[in-house]
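The values are calculated or read from the model by the stated rules, or taken from the named source; none is laboratory data. Note that the structure is a prediction, hence the values are computed from the model and not measured. Methodologically, a virtual Cβ is constructed for each residue, glycine included, from the backbone with ideal geometry; neighbour enumeration extends over all protein chains shown. With ligands, DNA and RNA removed, areas are computed over all heavy atoms of the protein, side chains included. Shrake-Rupley method; radii C 1.70, N 1.55, O 1.52, S 1.80 Å.
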Amino acid sequence: SFGCIAVAQFSQEKGVLLVTAHLDDADESVAMLRGQGVDVEPFPALESESSNELIATRYALLARLESDALPDVIVASIPALMQMTPAPSEVCNVVRRLHAGDFCSMNGLLQWLVDGGYERREMIEDPLQFAIRGGIIDIATAAGEFVRLDFFGDTIESINEVDPVSLGSDCVIDEVIIAASTHADAHGTLIDHLPKSWCAVLDDSNEISTQANS
């Protein structure tokens with residue numbers, strides 16, 4: 001817990017990457033930092049049985065680091081940190097950031113969803129699904145957001161949140177971030193995406209070294 005308390009203090013001055021030795025240590029640290037009111041994001045490791053949601057979660061965080069809405073802290077286990085990522089210049093190929101009023105080819109977006117591992121369904125029920133009705137696309141993102149894009153030609157006229165039970169849409173939002181769930185070319189690591197002003201905190205450097213070597 002001391003490491004998390006220190007990180008919470010450091011994060012008031014600059015962004016912090018907290019590195020842990022084990023996956024469960026990372027999960028516990030995220031929960032502890034959130035309990036202290038810190039804006040923290042996990043960077044999950046891809047295991048042999050990784051789900052597509054984990055891939056999309058990693059991509060979505062990389063996209064957030066390209067925006068102005070950076071988290072205060074990112075927590076990554078050493079296995080997650082050692083796994084390769086797309087280079088910063090390639091993030092735009094695996095993440096779409098859509099705004100109301102954007103010019104966007106509807107057919108092009110549909111093809112991108114299919115290529116990105118999304119499944120077309122009659123109605124959306126689970127993450128990584130989409131459904132089409134006329135000029136409307138419902139999308140269940142990998143992050144668990146249910147959204148409705150209303151097109152007028154090739155312009156996104158509006159974006160609404162969708163209730164996952166009733167599929168009603170009465171809450172207007174300005175943008176949605178959609179991450180692909182398929183592997184992309186990997187030419188970098190998370191470190192390449194972090195601002196130079198950030199610092200790193202290693203929680204138990206000896207154990208991290210042991211795990212990294214193994």
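This structure gives percent of Cα pairs over 32 Å apart, computed directly, and of (i) 56; (ii) 30; (iii) 24 that value is listed as (iii).
With contacts taken as Cα pairs under 8 Å at a separation of at least 6 residues, the chain carries a relative contact order of 27 percent.
Tell me the GluC sites (Glu not before Pro) within region 73-178 that lie in a loop according to DSSP and have at most 11 other beta-carbon atoms within 10 Å. Don't skip to the end; give the middle numbers.
Numbers: sites: 90, 119, 122, 125, 145, 157, 161, 175; in loops: 122, 125, 145.
Filter output for region 73-178: 122.
The listed peptides 51-63, 25-37, ordered by packing as a protection proxy, come out as 51-63, 25-37 (highest mean of other Cβ atoms within 10 Å first).
Atom-type composition of the exposed protein surface of the chain places 49 percent of the accessible area on carbon and sulfur (1.4 angstrom probe).
Which peptide among 102-113, 8-19 comes first, and what is the full order, when sorted by highest mean count of other Cβ atoms within 10 Å?
Details: 102-113: 14.3, 8-19: 17.7.
Order by mean packing, descending: 8-19, 102-113.
Rolling a 1.4 angstrom probe over the protein heavy atoms with all chains in place gives the chain an accessible area of 52 Å² per residue.
Just checking the listed ones, 21, 69, 143: in the Gaussian network model of the chain with Cα springs under 10 Å, the one fluctuating most is 69. Against the main long axis of the alpha-carbon atoms of the chain, helix 106-115 sits at an angle near 40°. The residue list 188, 130, 200 was ranked by how far each Cα lies along the charge dipole of region 97-214 toward its positive end, using unit charges on Cβ atoms, and 188 comes out on top.
In percent, what relative contact order does region 82-148 have, based on Cα pairs under 8 Å that are 6 or more apart in sequence?
Details: 62 pairs, mean separation 10.6, N = 67.
The normalised contact order for region 82-148 reaches 16 percent.
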